[in-house]
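What follows draws every value from the coordinates through simple rules; no lab data is involved. As the structure is a computational prediction, the values presented were derived from the model and not from experiment. Virtual Cβ from ideal backbone geometry, glycine too; neighbours counted across all protein chains shown.
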Amino acid sequence: MQDHKAGNEVNKAKPLFDPIIIIPFFLLTLISFVFIFSSSNVVAYDRFSDPFFYLNRQLVAISISIVAASMFLFVPMSFHKENGAFLVLTSIFLLFLVALPFIGTEVNGSRRWLNLFGIFNIQPSEIAKVFIPVYLCGYCLRRKEQLESSWYGFLKPLILTGVCCFLLLLEPDVGATVVLFGIGILILFAGGAKYSQLGALAILFVLLISVFVYFDENRLTRVLSFSDPFDDPTRTDYQLLNALIASVQGGITGLGIGESTQKYFFLPEAHTDFIFSIYMEETGLIGLVFLIGIYSVILWRLFTLSKSAMDANFYFNGLIIFSFALIFFIQTILNIFVNIGVVPTKGLALPFVSYGRSSVIMNFIALAIMLRASWEFRNNIR
């Protein structure tokens, strides 16, 4: 009787929703609602006479995200494994459309968006951040021996990735390019590439980015201003300086939610790339510890699941979880470092917190793919 009961426990299906993942992501979404409104209400009222303008748009994006994620929850991992090339070609096509002057939408000097029917802008770079890792993970599984034994096997998947990165540089979007290419290198390393191959590729990539920045006056100015944020506080250093002021003003306990002073037209993009600075200003070091704690739980759980999946011989599932965990980690670190002046400013959102409809939709889709990958290996579904 006891053996039969034990057998039933072993065979009991594991749930699709992992509470150790879902609860922290739910908390990040709540933080996003609070601080998108707090950081944007003044600007929104000034521009649109509606303090809830950006919050309402984000709520619509969250609704779309839930629907899209629900659909991806029912897509088996075998589909992603077999159709990675199609997904990455879709990314390239969308990025190519963005590059066309009569199709791509330009905002603040960068052409990064496609307008859908005049009501919604999508950012193909966010789509590429999900689809390219899926393609690379599938390649590592199908061509593992070739990847480990030859330069051809190593360079072959980088052709499509390189095309995407080139199109991203044309927008220009250096931040997304760095994240995407960096993730590509790490996925190939996890898939079996040699240190010598990765080192050579990393050096080449750094040189290419350096050349691109050097011959672009705006990019070069941004890098130089980063080295001394007090050199030109009214022009090139204005955004970074005000972000630093916001971060420092919060002290230990913060000024209180809604009490930011930097959101009063001092800090540009306070609800997008620099929402972390407003968060720090209003919640202080206590809020920082809480936020870092949430991200740490998510990353610990994802990396643990990734290792468990690979140990259970669900190599593709584990690599997918590993890849998306890396994307969240790298983008979170870079966004925080930009806000506190450790790296030059670049257009990267704080995952699940910053305002940005394309970003939040694709983040939810990535979350759904990870949940599906975890569910399949925990229930031994191949």
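Just checking my list (1) 156; (2) 214; (3) 134 against volume of the Cα convex hull per residue in Å³ computed from this structure; which label fits?
Answer by label: (1).
Could I have the simple spin-label model distance between GLU82 and LEU16, label points 7 Å from Cα toward Cβ, reported in nm to one decimal?
2.1 nm
Using only the Cα atoms of segment 1-151, what are the Rg and Dmax in Å?
21.7, 72
Work out how much length LYS194 to PHE48 would gain on full extension: take 0.36 nm times their residue separation and subtract the Cα-Cα distance, in nm to one decimal.
47.2 nm
Only Lys, Arg, Asp and Glu count, each charged at its Cβ (+1, +1, -1, -1), so figure out the dipole size of the chain about its Cα centre, rounded to 20 debye.
Around 1240 debye, computed over the chain.
Once you order the gyration tensor axes a ≥ b ≥ c over the Cα atoms, which shape class does segment 243-382 get: rounded for a/c under 1.5, otherwise prolate or oblate by comparing a/b with b/c? All intermediate terms of the calculation are to be shown ahead of the outcome.
Numbers: a/c = 2.86, a/b = 2.37, b/c = 1.21.
Prolate.
What are the lysines whose alpha-carbon lies under 16 Å from the alpha-carbon of LYS194, with same-chain residues fewer than 8 places away excluded?
The reachable lysines, counting only those whose Cα sits under 16 Å from LYS194, are LYS144, LYS156.
Going highest first, how would you order 273-282, 324-333, 360-369, 203-212 by mean Cβ packing within 10 Å?
Values: 273-282: 27.3, 324-333: 20.2, 360-369: 23.6, 203-212: 12.8.
Peptide ranking by packing, descending: 273-282, 360-369, 324-333, 203-212.
What is the log10 of I(q)/I(0) for segment 70-147, computed with the Debye formula using one identical point scatterer on each Cα and no solvent, at q = 0.20, 0.24, 0.26 Å⁻¹?
Taking Cα atoms of segment 70-147 as identical point scatterers yields -0.89, -1.06, -1.14.
Please sort 349-359, 139-149, 27-37 by packing, taking for each peptide the average over its residues of neighbouring beta carbons within 10 angstrom, highest first. Could the numbers behind the result be given before it?
Numbers: 349-359: 24.1, 139-149: 16.7, 27-37: 19.3.
Result, highest mean first: 349-359, 27-37, 139-149.
If a paramagnetic tag sat 7 Å from the Cα of ASN121 along the Cα-Cβ line, which residues of segment 171-203 would have the backbone N under 15 Å from that point?
Residues 171-173 qualify, since their backbone N sits under 15 Å from the label point.
Based solely on its DSSP helices, what 222 nm [θ] is calculated for the chain when runs of n ≥ 4 H residues each add -39,500 (n - 2.57) and the sum is averaged over all residues, nearest 500 deg cm²/dmol?
After summing the helix terms and dividing by the residues of the chain, the value is -24000 deg cm²/dmol.
Below 26 Å, Cα to Cα, which lysines can LYS12 reach? Residues fewer than 8 away in the same chain don't count.
LYS307
For the chain, return all DSSP H helices satisfying: extent of Cα atoms along own axis at least 20 Å; mean Kyte-Doolittle hydropathy at least -0.5.
TM-like helix candidates: 19-48, 53-73, 84-99, 124-142, 151-170, 174-191, 195-214, 275-311, 315-339, 357-378.
So how much slack lies between PHE265 and GLU106, counting 0.36 nm per residue of separation and subtracting their Cα-Cα distance, in nm? Don't jump to the answer; show the numbers that get you there.
On the way: separation 159, 0.36 × 159 = 57.24 nm, distance 2.24 nm.
Fully extending the segment from PHE265 to GLU106 adds 55.0 nm.
Can you find, among PRO51, PHE316, THR253, the residue farthest towards the positive end of the dipole of the chain? Put +1 on the C-beta of Lys and Arg, -1 on that of Asp and Glu.
Farthest along the dipole direction, towards plus: PHE316.
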